[in-house]
Amino acid sequence: MAQRGPRFGRIFRRKWKKADGSVGELPTFWIEFYQNGKQRRESSHSEKRSDAEALLKRRQGEMGLGTLASTAIGKVTTANLLDLLLADYELNGKSLSWAKYVDGHLRPALGKIRASMVGTEVINRYVSERRREDIANSTINRELSLLRRAFNLGFRAEPRLVQSVPRIPRFAEKNVRKGFFEYDDFVRLRNELPEHLRPVITFAYSTGCRKSEILGIRWSQVDFAYRVVRLEPGETKNGEGRTAPMILELFDMLTVQKQIRDQFFPDCPFVFFRYGKQIRNFYAAWGEASKRAGLAEAEGKPKKLFHDLRRTGVRNLVRAGVPELVAMRISGHKTRSVFDRYNIIDERDVRAAGQSLEIYLSDQNKDKSRTSGENPPSGTDLLQDAETPSKLLN
């Protein structure tokens with residue numbers, strides 16, 4: 001008995017001509033249907049007929065609801081989505097420092113592929129190629145997150161540029177950086193930096209805010225009366241506004257900044273500036289200051305990154321006794337997992353915990369002695385009382 005086809009559209013396998021002249025079928029199932037009188041074909045990316053049937057029913061439902069994208073969607077390439085990604089970041093004034101991943105890797109490998117064809121197989125092939133180049137999972141994750149963002153933008157566009165967003169995996173990272181600044185290192189580096197950059201790293205060290213957030217602060221956000229800086233929702237990574245405190249040292253620095261600005265650059269709206277212009281990047285100055293401060297590798301590469309100040313700021317807040325929820329609000333961490341990754345425990349924390357435990361147990365021992373009226377035996381008493389090793393052990 002012949003298999004009955006669907007009432008809406010049809011399911012088929014593409015044919016191909018063999019070397020001997022005979023015709024064969026490719027294993028992947030495709031669907032075909034008509035939208036506004038125009039034929040549409042789409043791969044199910046599966047060798048199971050049931051998957052193709054499910055896809056065809058989904059397209060039928062989308063047509064009924066009016067949510068099915070136009071036929072032009074099939075012509076959209078991954079390069080078109082990457083262009084949309086770059087335009088979005090530029091429109092929102094976000095840093096394009098990561099564009100090297102887009103133009104250096106994603107575009108050459110995936111740009112010519114139609115967006116509708118990007119699925120598990122294409123993504124896995126891309127990941128395999130990158131791993132053959134000995135690229136770490138952390139870098140691959142950054143690239144895939146950009147690809148995911150590009151597809152999300154295409155899906156939310158009007159009209160839609162993609163029908164759906166493919167499942168893009170995230171891999172475990174074994175090389176998560178855990179660097180942070182000790183106070184002496186921070187002071188040495190700050191002293192070697194140019195004058196206009198010292199308030200920048202002081203702000204980062206005391207609040208744990210991101211570099212992009214700090215460099216975008218305007219004078220209208222600084223409240224000298226309450227000694228706080230209010231970060232606007234549009235200037236933060238998570239899109240939420242928050243308030244950061246000004247410690248006395250930072251307060252004094254920003255007061256001087258304000259005086260310089262008012263006297264020489266009254267039209268400059270930015271708190272952190274150079275010659276009246278907003279500071280954007282200072283990689284060269286950071287590298288040179290690191291060398292002079294003794295914080296560089298033998299080949300001259302800085303041992304510390306600016307982002308290490310963010311981790312340090314979080315740790316400083318927690319060690320100062322600030323409740324963790326408040327510290328998360330100041331630093332801008334929405335999820336506890338990321339916050340925990342920055343709140344690094346080092347040997348000094350462990351030693352402090354040991355000292356606290358020693359004091360607690362000592363107090364417990366004293367309380368017990370007062371209740372019983374007896375003095376607790378010391379280690380010397382036990383050794384003097386022991387006649388044999390077995391008695392000591394018992």
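The values are calculated or read from the model by the stated rules, or taken from the named source; none is laboratory data. Predicted model, so just to flag it, every value in this text is computed and none were measured. Cβ: placed from backbone, ideal geometry, glycine included. Neighbour counts: every protein chain shown.
Annotations
- Only one of R190, R227 that is assigned by TED's automatic domain parsing to the domain that holds K303 and within 21 Å of D308 (Cβ to Cβ): R190
- The stretch 279-293 - residue that is closer than 18 Å to F186 by Cα and of a type in the set (A, V, I, L, M, F, W, C) and, of those, farthest from the chain's Cα centre (by Cα): A293
- Among the residues of the stretch 23-41, at least one is at pLDDT 80 or above and among the polar types (S, T, N, Q).
Condition check ((1) small (G, A, S); (2) surrounded by 18 or more Cβ atoms within 10 Å (Cβ to Cβ)) across all residues:
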residue: F171; (1), (2): no, no
residue: F186; (1), (2): no, yes
residue: H196; (1), (2): no, no
residue: T207; (1), (2): no, yes
residue: A225; (1), (2): yes, no
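- Residue match in the stretch 152-162 (condition: over 21 Å from H105 (Cα atoms), crowded, with 19+ Cβ neighbours inside 10 Å and out of contact with any His (no Cβ under 8 Å at 6 or more places or on another chain)): yes
- Here is the figure for the stretch 143-166: residues that are charged (D, E, K, R) and at pLDDT 90 or above total 3.
- Cβ-Cβ contacts under 7 Å between residues 6 or more apart (or on different chains), taken from a first residue in the stretch 276-288 that is over 25 Å from A298 (Cβ atoms) and outside the structural domain of R218 (by TED's automatic domain parsing) to a second residue that is assigned to a helix (DSSP H, G or I) and not acidic (D, E), are absent.
- Filtered by the rule that a residue be closer than 30 Å to C268 by Cα and surrounded by 10 or more Cβ atoms within 10 Å (Cβ to Cβ), the stretch 284-301 gives A285, W286, G287, E288, A289, S290.
- Inter-residue pairs, beta-carbon under 6 Å, first in the same structural domain as W219 (by TED's automatic domain parsing) and in the stretch 243-262, second surrounded by fewer than 18 Cβ atoms within 10 Å (Cβ to Cβ), 6+ apart: T243/V228; T243/R230; P245/V228; M246/R227; F251/R227
- Residue in the stretch 300-319 that is without any contact (Cβ under 8 Å) to a residue 12 or more places away in the chain, over 19 Å from S206 (Cβ atoms) and touching a Lys or Arg at 6+ places or on another chain (Cβ under 9 Å) present: no
- Pairing residues of the stretch 117-141 that are free of Cβ contacts under 8 Å to residues at least 12 places away in the same chain and among the small types (G, A, S) with residues that are surrounded by fewer than 18 Cβ atoms within 10 Å (Cβ to Cβ) and in a helix (DSSP H, G or I), at Cβ distances under 8 Å and at least 6 apart in sequence or on separate chains, gives no pairs at all.
- Any hit, the stretch 298-320, residues being part of a loop (DSSP other than H, G, I, E, B), modelled with pLDDT of 85 or more and within 19 Å of V229 (Cα to Cα): no
- Inspection of the stretch 235-249 finds a residue satisfying the criterion of being outside any loop (DSSP other than H, G, I, E, B), closer than 23 Å to E90 by Cα and at pLDDT below 95.
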